[in-house]
Every structure is written in structure tokens, then in C-alpha cells.
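Notes follow the structure.
The values are calculated or read from the model by the stated rules, or taken from the named source; none is laboratory data. Owing to the predicted nature of the structure, the values given are computational and were not obtained by experimental measurement. Methodologically, a virtual Cβ is constructed for each residue, glycine included, from the backbone with ideal geometry; neighbour enumeration extends over all protein chains shown.
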Amino acid sequence: MEVLNNLFETFKEKAKAIWAEQMESELVIRLKERFEELPPIGQRGVVFGAIGIVIIVVLWWPVSNLMDASDLNQRFEERRQLLKELLQIQRDSASGDVVPLSPPPTALKVQLDQKIAQAGIKPEQVKESNELPPKNINGAQEQGLRYRLEHLTVRQAVDLGYEMEHTDPSLKLVGLDVVGNDPDPHFYEVAYKLVNYAPKIASAGGGEGIIDTIKKNEKTNGSKTQ
């Protein structure tokens with residue numbers, strides 16, 4: 001305790017010496033003269049301004065730390081709420097029924113061919129019956145078939161499109177092109193595009209769960225910022 005008192009006294013003496021030295025410097029003397037030359041209102045303004053600067057300097061550090069702490073706390077609460085929602089989604093998905101995957105359109109081709117035959121379409125009228133190359137659409141794989149039939153009436157084209165689309169709930173008719181290439185103006189060449197979508201949930205996280213993916217992303221982002 002005595003050592004601390006001695007250090008404190010030594011610090012006070014050095015501070016007083018430095019203060020006295022500064023007060024006797026040419027710059028301080030000039031500032032004093034300028035201050036004394038000011039009218040009373042100007043002197044009060046200078047005093048209040050100096051006090052304001054001192055207050056700002058003293059309060060700046062705790063206020064800035066308080067603002068930083070508030071920002072960090074807000075981000076922590078947002079991430080915690082997001083994590084809660086993700087955990088709830090994971091629990092709901094684990095406890096819910098498993099959604100069956102959509103069959104590829106090629107697996108439905110036999111049924112589609114049967115519906116074409118049932119509509120009275122002859123084999124020679126089928127000019128194209130091909131599988132479409134898969135596409136990635138917003139994280140899902142689009143897979144489909146294309147049929148091109150000739151010598152159909154408008155009523156046949158519409159009725160057959162309805163029947164083909166209702167072969168399976170996952171199947172959607174996304175293209176119906178009608179072209180008047182037939183010599184008879186009452187008949188048309190019709191192209192159908194039927195697709196469905198297969199989700200790619202597993203590939204997004206490398207076969208891992210939602211929380212594993214989040215942790216991996218946090219580690220990756222953390223290593224980049226270091």
C-alpha cells in the first residue's frame with residue numbers, strides 16, 4: 001500500500017511539473033493573452049466550448065462501447081432466433097411424413113403412350129417422342145418429355161393435353177405448340193412438353209443436416225475473416 005502511495009505522489013509531482021512547464025510555454029501565454037482580450041461573452045463561449053469538448057472526449061469511449069455492445073447484442077438475438085426457427089424446421093421435418101419423390105417422366109412414358117393410343121392417334125402420327133435434357137431450375141432438377149404429333153384437330157390437341165397432364169400429380173404440361181403445317185386446314189401439328197421437378201435438398205448440404213451445414217458455413221466464414 002505504501003508503494004502505491006509513493007507512486008501516486010510521484011505521479012502527482014510529475015503531473016504538476018509538466019502542467020507548470022506547459023503553462024509557462026509561449027503558446028499558452030499567447031492563448032491567455034488572446035483569451036483576456038476577448039469580451040466577457042467571448043470568454044464564456046470559449047470556456048463552455050472547452051468544457052463541451054472535454055465532456056465529449058470523456059464520454060466518447062463509453063458511449064461508443066455501449067453502441068457496439070448494443071449492435072452485437074442485436075445481431076446475437078437475430079442469429080439465435082434464426083437458429084431456433086431452423087431447429088424447429090428440422091424437428092418438424094423429422095417428425096412429419098416423408099414426402100415421396102416424383103417419378104421421372106420417362107417412368108410414365110408407357111402410360112403416356114397408352115393415352116395417345118386411346119385418343120385414336122396412330123403410330124405414324126407420332127413424329128417425336130424424346131426425353132428432354134435435365135435442367136437446374138432454382139435448386140430443383142427439371143426433367144421431362146417432348147411429344148410431337150401431326151394431323152390433330154384443336155379439340156384432340158386440348159383433350160389429349162389434359163389427359164397427359166393428369167397421368168401423375170407431379171406431371172405438368174408447360175408447353176403446347178400448335179402449328180398449321182397440315183395440308184388440311186382443320187388439322188395441326190402439335191408439340192407437347194411435359195415436365196416434373198425433383199428436389200435437390202441432399203446435395204445442398206452434402207447429405208448433412210441443416211445444423212451441420214450451418215456450422216460448416218460458420219467455420220468457413222470464420223477462417224476467411226482470420
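What the table shows:
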{"quantity": "Cross-chain or 6+ apart pairs with Cβ under 7 Å, segment 150-171 first and closer than 11 Å to Tyr188 by Cα, then modelled with pLDDT of 90 or more and in a helix (DSSP H, G or I)", "calculated": "Glu150/Gln125; His151/Gln125"}
{"quantity": "From Thr153, Thr225, residue being modelled with pLDDT under 90 and hydroxyl-bearing (Ser, Thr, Tyr)", "calculated": "Thr225"}
{"quantity": "Members of segment 113-134 found to be in contact (Cβ under 8 Å) with a residue 24 or more places away in the chain and touching a Ser or Thr at 6+ places or on another chain (Cβ under 9 Å), listed by number", "calculated": "Lys115, Ile116, Glu131"}
{"quantity": "Subset of segment 74-102 [among the polar types (S, T, N, Q), in a helix (DSSP H, G or I), out of contact with any helix residue (DSSP H, G or I) (no Cβ under 8 Å at 6 or more places or on another chain) and modelled with pLDDT under 85]", "calculated": "Gln88, Ser93, Ser95"}
{"quantity": "Subset of segment 106-121 [over 46 Å from the mean Cα position of the chain (by Cα) and over 16 Å from Gly161 (Cα atoms)]", "calculated": "none"}
{"quantity": "All positions within segment 168-197 that are small (Gly, Ala, Ser) and under 19 Å from Asn130 (Cβ atoms)", "calculated": "Gly175, Ala191"}
{"quantity": "Residue, surrounded by the most Cβ atoms within 10 Å (Cβ to Cβ), within segment 143-201, restricted to residues that are of a type in the set (Gly, Ala, Ser) and assigned to a helix (DSSP H, G or I)", "calculated": "Ala157"}
{"quantity": "Residue within segment 125-132 that is acidic (Asp, Glu), in contact with a strand residue (DSSP E or B) (Cβ under 9 Å, 6 or more places away or on another chain) and either closer than 30 Å to Asp182 by Cα or surrounded by 12 or more Cβ atoms within 10 Å (Cβ to Cβ) (or both) present", "calculated": "yes"}
